[in-house]
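Comments concern the structure below.
Just so it is clear, none of the values below were taken in a lab; they were calculated from the coordinates. Note that the structure is predicted; figures quoted are calculated from it, not measured. Quick reminder, even Gly has a Cβ in these numbers, built from the backbone with ideal geometry, and neighbours come from all protein chains shown.
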Amino acid sequence: MTQNIGVVPIRRGFTLVELLVVIAVIAILAAILFPIFAQARDKARSAACMSNMKQLGTSIQMYVQDYDEQIFFRSTSNANSTRIHTATTGNGLKWWNMLMPYIRDRNVFRCPSDTPNPSVDANGVASIPRSYAASASMEALSLAQVFRAVDTIVITEAWSTNGSGAKINTEQWLEAFDGDMAPDPLRPGSMFKYANRHQGGMNCTFFDGHAKWLKPDAIWNSWYLSGCSLVHQYPTLRMCDNSYPGCQSSTESNICNSPRYQPYPAD
C-alpha cells in the first residue's frame with residue numbers, strides 16, 4: 001500500500017529588515033505619545049493644585065471675616081503706621097496654621113507636582129507638606145486697604161528645589177522687594193522663588209477668594225499682580241520702593257524699583 005506523505009510547509013520568520021521597521025514604528029509612536037501622556041498627567045496635577053488654591057481662597061474669606069477683614073502677618077516687628085499689627089512670634093501664627101482651622105486637611109498645602117520639605121504645625125511638629133507661600137506685599141492689610149482685591153495675590157507657588165535640582169527650604173513669604181520675583185538665571189523665563197511649574201505658569205489665590213493660573217510675564221508686567229502697588233501705598237523701611245525715604249530695599253533685585261512701574265501709577 002502506498003502512503004501519501006504531505007509536504008510540510010516551511011515556516012518563515014521575520015527578516016531583520018522587517019524587525020527593524022517594526023521597532024522603528026514603535027519608537028516613533030512612543031516619541032509621539034509619551035510627551036502627550038506626560039502633558040496630560042501634568043495638567044491633571046495642575047488641576048488638583050488649582051483645587052487646592054480654590055480651597056485656600058475660601059479659607060481666606062472665612063479668616064478675614066473672623067479677623068475684622070484683616071489678613072495674617074509675618075510675625076515680625078516690620079511695621080509702621082501703614083501696616084498695624086502685633087509684633088510676636090509662634091508656630092500658631094504662621095499663615096498656614098492660621099488657615100488650618102478652616103481647611104482641616106494638611107494635604108491642601110501641597111501641590112501634586114511638588115515634593116516639599118514638611119513645615120511645622122501649630123505644635124512645632126514638621127508635618128505639613130507645603131508647596132505654597134504667601135505674598136508679603138499684602139501682609140497685615142485689611143480688605144478696605146486693598147484697592148483691587150481681585151488682582152491682589154495672597155498665596156502662590158514656591159520652588160522647593162533650586163535651578164540645579166537641589167532641595168531647598170520652601171519659602172514662607174514671597175517678597176517682590178527682596179529679589180524673590182527677580183528672573184532666575186538658572187531657569188530662563190522663571191522667577192527666582194515663585195514656582196511656575198505648571199506649563200510655564202503658577203496657580204495663585206487672590207484676596208477676593210478666587211484662584212487663577214498666571215505666567216511670570218503677566219505678574220512682572222502688572223503693577224497690581226506683582227504686589228508693588230501695595231508696597232508703594234503701604235511701605236515700611238524694608239517693604240518699600242525708592243519713593244519711600246530711607247527705603248532699605250533699593251537694589252536692582254527689588255522688582256518694585258523697575259522702570260516699568262515708574263512714574264508710579266496713580267491708584
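Taking Cα centroids, how far is region 133-189 from region 190-267 in Å?
9 Å
At q = 0.08, 0.10 Å⁻¹, what is the log10 ratio I(q)/I(0) for the chain, with the Debye formula run over Cα points and no solvent?
Calculated log10 I(q)/I(0) at the listed q: -0.39, -0.55.
Run the numbers on region 150-229 and let me know its relative contact order in percent, using alpha-carbon pairs under 8 Å that are six or more apart.
Normalised by residue count, the contact order of region 150-229 is 34 percent.
In a GNM of the chain with a 10 Å cut-off on Cα contacts, which of Pro129, Pro245, Pro112 has the highest mean-square fluctuation?
The residue with the greatest mean-square fluctuation here is Pro245.
Work through the residues other than Met191 whose Cβ is under 14 Å from its Cβ and net out their charges, Lys, Arg +1 and Asp, Glu -1.
Numbers: positive: Arg187, Lys193, Arg197, Lys215; negative: Glu157, Glu171, Glu175, Asp178, Asp180, Asp184, Asp217.
Net of charged neighbours comes to -3.
Report the local net charge at Asn123: Lys and Arg +1, Asp and Glu -1, summed over other residues whose C-beta lies under 13 Å from its C-beta.
On the way: positive: Lys94, Arg106; negative: Asp121.
So the surrounding residues net to +1.
Rounding to the nearest 10 and keeping the result within 0 to 90°, find how far the Cα-based axis of helix 16-66 lies from the longest principal axis of the chain.
Between helix and principal axis, roughly 20 degrees.
Could you tally the net charge around Met62, taking each other residue with its Cβ under 15 Å from the Cβ of Met62, Lys/Arg +1 and Asp/Glu -1? Don't skip to the end; give the middle numbers.
On the way: positive: Lys54, Arg104; negative: Asp66, Asp68, Glu69, Asp105, Asp208.
Value of the local net charge: -3.
Spit out the partnerless Cys residues in the chain, using Cβ distances under 4.7 Å as the pairing rule.
Cys204
Output the antiparallel fraction of DSSP beta bridges having both residues in the chain, as a percent to the nearest 5. Walk me through the numbers on the way to the answer.
On the way: 18 of 20 bridges.
Expressed as a percentage, antiparallel bridges in the chain total about 90.
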